Structure formats: structure tokens, C-alpha cells
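Below: one structure, written as C-alpha cells.
Bear in mind these aren't lab numbers, they're just calculated from the coordinates by the rules spelled out. Values in this document were obtained by computation on a predicted structure and should not be read as measured data. Glycine also receives a Cβ, built like all others from the backbone with ideal geometry; neighbour counts cover every protein chain displayed.
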Amino acid sequence: MPGERTFDAPYPDLAASQDSAVIARGRYLAFGAAHCVSCHAPMDKFEELENGLQMPLMGGWELEIPPGRFRAPNLTPDMETGIGKFTDGELARAMRYSVKHDGSPLFPFMPFQEISDEDLVAIISFLRSQEPIKNKIQPSEYSFLGRALRTFGAIKPETPKTNRQLGWP
Ligand code: HEC
């Protein structure tokens, strides 16, 4: 199998804010409309989360499907196990273009490409405002099929346009 491909999607020129109204909007999106919490929180808390529990998005959801075993990473600002070392641009690019911080393509679990700059800033600002939680999530592991999909370009960066073609919300 040739080496994994990486892509040069642009880094959106956005920066997190410390404004409490912006953070509150991001929290609302992460636990509500954009449901980041459905995947970026421990699976054994599912019922409590369904019932409105709000906890740091420390990762934990795991799904095994033919292309691999997918794990939703820790999105709290912890420096080693979370997003502490990611730039705002890297986080924004992951949401808008489905490109991971290391340049590899993300599998299409997150159909947020059409999110507005304003909402993207709100979400990133909220993520940065969380308590840092040390919780090491192993990276997703790709099967032969998953690696082939990534290497041969079936899984590639998305744009708002391709997202519309797929008919996603
Ligand atoms: C359906 C489940 C699901 C939902 C909902 C979801 N994510 Fe994810 N997320 C994942 C998975 C799985 C990965 C890792 C995918 C992979 O390894 O290819 C991921 C990866 C990421 C990454 C990439 C980190 C990196 O390594 O660069 C970021 C950032 C992220 N998610 C943020 C969010 C935010 C913010 C939301 C809500 C707006 C959200 N996610 C909603 C499942 C989800």
C-alpha cells in the first residue's frame, strides 16, 4: 500500500474568541444542533447525555465498520491528549474541509462543511473554553479497505459544494 496521502486544504482565517456570548453560542451548537457531544464523549454516558448532561468533550465514541475502527478524539484543551496544540486554523479546517490536523482526510462523520464562519468561531471558542481533561484516545485504525479509500482518493477533502451534492444537511 503506498503511503497515506495528505492534502493542502486551506486553513480558514478564523480565530477563537473569549467573548462569553460567543462561547455560549458554541456550547449551544456543540450540545444541540451540531451534536458534537453524540460522538466526542464517553459512550457509557450516552443516556445521561441524551437527558441533557453537559460534560467536557473528552472523546470516547468508537465505531467499527469495514473501513476501520473510528474513534472520536478528545476535544478538550489538554496539551497532550486533546486539542491544546492544534491551531484555530487546524480545527476550522477539519470542520470545513474534512482534513485532519496532520493533513490526512477525515472519514465523512462530520457534515459541517457549510457552517458559517460565525458558528465555526463559536464552536472553536467553546472547545477552547472547556476544562482540559487528560484522556488519551487511540487514533482511528484503518483496515486495508480504509487505507485504500484514503490512498486512492475516494476519501478526500470535502467542500461546501461536494457536501450539497451528497444531499447532506
Ligand atoms: C457522528 C460522530 C461525530 C460527530 C457528530 C462529530 N464528530 Fe468530530 N470526529 C468524529 C470521528 C470518528 C473523528 C475521527 C475520524 C477519523 O479518524 O477519520 C472526528 C474527528 C474530529 C476532529 C479532528 C481532529 C484532528 O485530528 O485533526 C475534530 C476537530 C472534530 N472531530 C471536531 C468535532 C466537532 C467540533 C463536532 C461538532 C460540531 C464534531 N466533531 C462532531 C466523530 C464525530
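Some notes on this structure:
- Residue order, fewest to most beta carbons within 10 Å, for Thr6, Thr76: Thr6, Thr76
- In this simple spin-label approximation, Asp102 and Ala154 carry label points 7 Å from Cα along the Cα→Cβ vector, and these lie 2.2 nm apart.
- Restriction of the trypsin sites (Lys or Arg not before Pro) in the stretch 1-106 to DSSP coil positions whose beta-carbon has at most 14 other beta-carbons within 10 angstrom yields Arg5, Lys85.
- Tensor-based shape of the stretch 28-141 (alpha-carbon gyration tensor, a/c under 1.5 rounded, otherwise prolate or oblate): rounded
- Calculated [222 nm] ellipticity per residue, helices only, for the chain: -9500 deg cm²/dmol; basis is -39500 (n - 2.57) per DSSP H run with n ≥ 4, divided by all residues, nearest 500.
- Order of Phe112, Phe7 under a 10 Å beta carbon neighbour criterion, fewest first: Phe7, Phe112
- Taking other C-beta atoms within 10 angstrom as a stand-in for reagent exposure, Ser20, Ser104 fall in the order Ser20, Ser104, fewest first.
- Sites Ser20 and Leu53 - FRET efficiency at Förster radius 30 Å, r taken between beta-carbons, to 0.05: 0.90
- Modelled this way, with points 7 Å down the Cα-to-C-beta line, the labels at Arg69 and Phe109 are 1.3 nm from one another.
- Rounded if a/c under 1.5, otherwise prolate or oblate - the stretch 1-62, Cα gyration tensor axes: oblate
- Label positions at Phe46 and Gln138, each projected 7 Å from the Cα along the C-beta direction, are separated by 2.0 nm.
- Among the listed pairs Lys85/Lys136; Lys85/Lys156; Lys85/Lys134; Lys134/Lys156; Lys100/Lys136; Lys45/Lys136, those beyond 20 Å (Cα-Cα): Lys85/Lys156; Lys134/Lys156
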